[in-house]
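Here is the structure we will look at, set down as structure tokens.
The values are calculated or read from the model by the stated rules, or taken from the named source; none is laboratory data. Keep in mind that this is a model prediction, so the values were computed, not measured. Counting neighbours? That spans all protein chains shown, and the Cβs are built from the backbone with ideal geometry, glycine included.
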Amino acid sequence: MSESTIALYNTLTRKLEPFEPLVPGKVRVYVCGPTTYNVAHAGHARANMAFDILVRHLRARGNEVTFVRNVTDVDDKILAAAKASGEDPLAFSARMAKLVDDDMRAMGMLAPDVEPRVSAHIEDIVHLIETLIDKGHAYAVETPKGKDVYFAVRSYPAYGKLSHRNIEDLLSGARVDVGDTKKDPLDFALWKGSEEAWGWASPWGKGRPGWHIECSAMASKYLGPHFDIHGGGEDLIFPHHENEIAQSEAAWGPSLARYWMHNGFLTADNEKMSKSLGNFVTVQNVLARNDPEAFRYFVLGTHYRGPLSFDVETQEGGRVVFPLVDVAERRVEYLYATLEALTAAAEGGSDDESQVPAPLASHARTIAESPERVLQALDRDLNTPQALAVLADLGKVANEVVLFTVKAKKDKLAQAAGRKVARDAKAALAKACEPLGLMQASPRAFFERTRQQRLRLRELDAAAIDAKVAERSAARAAKDFSRADAIRDELAAMGVELLDAAAASSWKVCI
């Protein structure tokens, strides 16, 4: 396998495999999206980010990607939540879907090329169910609420191949509810008859689709019955994705998807973060405290298939913090400060300056190689921790270039060469960050938005801080250094760091 070959871990085979799309250069990706009965939590953002990086990387490697992510807007949980709020179920679901979409975009996620909703694809779902019945893989049964339709699991011999479970072992743990009319405990619902107002007409009477059938119908509509990558959280491997494979391949033959990718959980208190457990932190909770790029950096620090612990602490005074995201925010701040320093160091001169001086030769090589090294890290099953390590090396080298350029003020040739290397470093940093979705703002915009957020969190007033800084400058000018030091300590206790420079002092609010 060459270094430029993308390799992905395939849940289906439990192996790292070279990625080869069905059509060279064109990749079709389907990812299971949200069930819109509540707002998004940090675990949803982590799951979406895994496939955001996948799509970014595939495109960076020159592929044309069609990215489909569904919205489940027909579900019993949606009906219950809508009843509780007194809203029409689809209106409620649409409102929740917009909140989730707003949160994902705030987190810097790419929008899918197609975002189908279950409610708009009932006809496609019904047609697929009819196909399964016609082929002997599904059956309808009478119930007090109308007709249900079930998939006959034993009609599909390969059942269990994704989760690597034996059908007899599954049978021993299967549950049969009182009043259940299915023929086999393993069979699952494709259509559920309903006497409630919320439902759609079908050959089996009024009802709603089961959960699993929706993805098979929508994926095939937009990507065809056979496509490249199917993704989702590891909790979907069984039964959702297992059932998708069974019903899709029973209808159209194998394989539904060539590669199956699953992200690990975001955990809180050693348990999966979920709404049902009540241990979730919403995306809005995160964004109220931290910059969205900080959360992205935090997530990318752990491989997408591994568990990721999301720590929450309550400080004195009741302030809730996310310590590991704070650490990530400082790393992002460092990268933006590096970019700002490179911009200043690169000013002036032309692009055709003298040769790179010997002290910067290895720096220039590191800078030139960094964007490709990031892509190579992502080639290896989206190894984002390794990609961040490349960024760390690039940041260190870039700051050394800035220092060289500052010190070379009396040597015009050396300074000119330093400016050129600084320009190269600035371009390399932007290019290396692009497939990771980092550094998507200007340094000025980043520092302004984080300053305003931190001022709000600490309940500080910028004008009052400016006054303190001016008072300290006056004290220093008057050689009243004890007063100047006292003001510095006072500001530090407020979480404000002073940045002294030859021209004037500035300040920043610490995270």
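Listing for the model above:
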quantity: All helices (runs of 4 or more DSSP H) inside segment 48-152 with 1 or more residues being closer than 30 Å to E372 by Cβ and out of contact with any Pro (no Cβ under 6 Å at 6 or more places or on another chain); calculated: 89-106
quantity: Count of segment 245-290 residues which are within 23 Å of K26 (Cα to Cα), over 18 Å from the mean Cα position of the chain (by Cα) and not in a loop (DSSP other than H, G, I, E, B); calculated: 7
quantity: Some residue of segment 215-223 being surrounded by fewer than 19 Cβ atoms within 10 Å (Cβ to Cβ) and either among the acidic types (D, E) or not assigned by TED's automatic domain parsing to the domain that holds P34 (or both); calculated: no
quantity: Filtered residue count, segment 178-233, keeping only those that are over 30 Å from T13 (Cβ atoms) and either part of a loop (DSSP other than H, G, I, E, B) or hydroxyl-bearing (S, T, Y) (or both); calculated: 18
quantity: Residue match in segment 303-313 (condition: free of Cβ contacts under 8 Å to residues at least 40 places away in the same chain, aromatic (F, W, Y), touching a strand residue (DSSP E or B) at 6+ places or on another chain (Cβ under 9 Å) and outside the structural domain of D269 (by TED's automatic domain parsing)); calculated: no
quantity: Out of V406, V390, V401, V397, sole residue that is closer than 14 Å to A358 by Cα and not hydroxyl-bearing (S, T, Y); calculated: V401
quantity: Candidates V332, V327, V356, V312, filtered to the one that is within 23 Å of A42 (Cβ to Cβ), modelled with pLDDT under 95 and more than 16 Å from the chain's Cα centre (by Cα); calculated: V312
quantity: Long-range neighbours under 8 Å by Cβ, at least six apart or interchain, first residue touching a residue at least 24 places away in the same chain (Cβ under 8 Å) within segment 105-124, second surrounded by fewer than 19 Cβ atoms within 10 Å (Cβ to Cβ) and part of a loop (DSSP other than H, G, I, E, B); calculated: G108/Q440
quantity: Close pairs from segment 185-200: first outside the structural domain of Y159 (by TED's automatic domain parsing) and surrounded by 21 or more Cβ atoms within 10 Å (Cβ to Cβ), partner part of a loop (DSSP other than H, G, I, E, B) and at pLDDT 95 or above, Cβ under 7 Å, at least 6 apart; calculated: none
quantity: Listing of strands (runs of 3 or more DSSP E) fully contained in segment 1-41 that carry 1 or more residues being among the β-branched types (V, I, T) and over 15 Å from N263 (Cβ atoms); calculated: 26-31
quantity: Residue under evaluation A288, criteria (1) closer than 30 Å to H137 by Cβ; (2) surrounded by fewer than 21 Cβ atoms within 10 Å (Cβ to Cβ), criterion not met; calculated: (1)
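Per-residue answers, yes or no, for (1) of a type in the set (D, E, K, R); (2) modelled with pLDDT under 95:
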position: S4; (1), (2): no, yes
position: T11; (1), (2): no, no
position: R14; (1), (2): yes, no
position: L22; (1), (2): no, no
position: V27; (1), (2): no, no
position: L58; (1), (2): no, no
position: R61; (1), (2): yes, no
position: V65; (1), (2): no, no
position: V68; (1), (2): no, no
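Here is a yes/no grid of residues against (1) assigned by TED's automatic domain parsing to the domain that holds D52; (2) among the hydrophobic types (A, V, I, L, M, F, W, C); (3) in contact (Cβ under 8 Å) with a residue 60 or more places away in the chain:
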| residue | (1), (2), (3) |
| --- | --- |
| L429 | no, yes, yes |
| F446 | no, yes, yes |
| R451 | no, no, no |
| R483 | no, no, no |
| A486 | no, yes, no |
| V496 | no, yes, no |
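Results for (1) in contact with a helix residue (DSSP H, G or I) (Cβ under 6 Å, 6 or more places away or on another chain); (2) more than 30 Å from P89 (Cα to Cα); (3) at pLDDT below 95, shown as yes or no for each residue.
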site: H127; (1), (2), (3): no, no, no
site: K135; (1), (2), (3): no, yes, no
site: Y156; (1), (2), (3): yes, yes, no
site: L162; (1), (2), (3): yes, yes, no
site: N166; (1), (2), (3): no, yes, yes
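The rows are residues; the columns are (1) over 19 Å from A288 (Cβ atoms); (2) β-branched (V, I, T); (3) buried (at least 20 other Cβ atoms within 10 Å of the Cβ); (4) out of contact with any Pro (no Cβ under 8 Å at 6 or more places or on another chain).
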| site | (1), (2), (3), (4) |
| --- | --- |
| R419 | yes, no, yes, yes |
| S442 | yes, no, no, yes |
| F446 | no, no, yes, yes |
| R451 | no, no, no, yes |
| L455 | no, no, no, yes |
| R458 | no, no, no, yes |
| D466 | yes, no, no, yes |
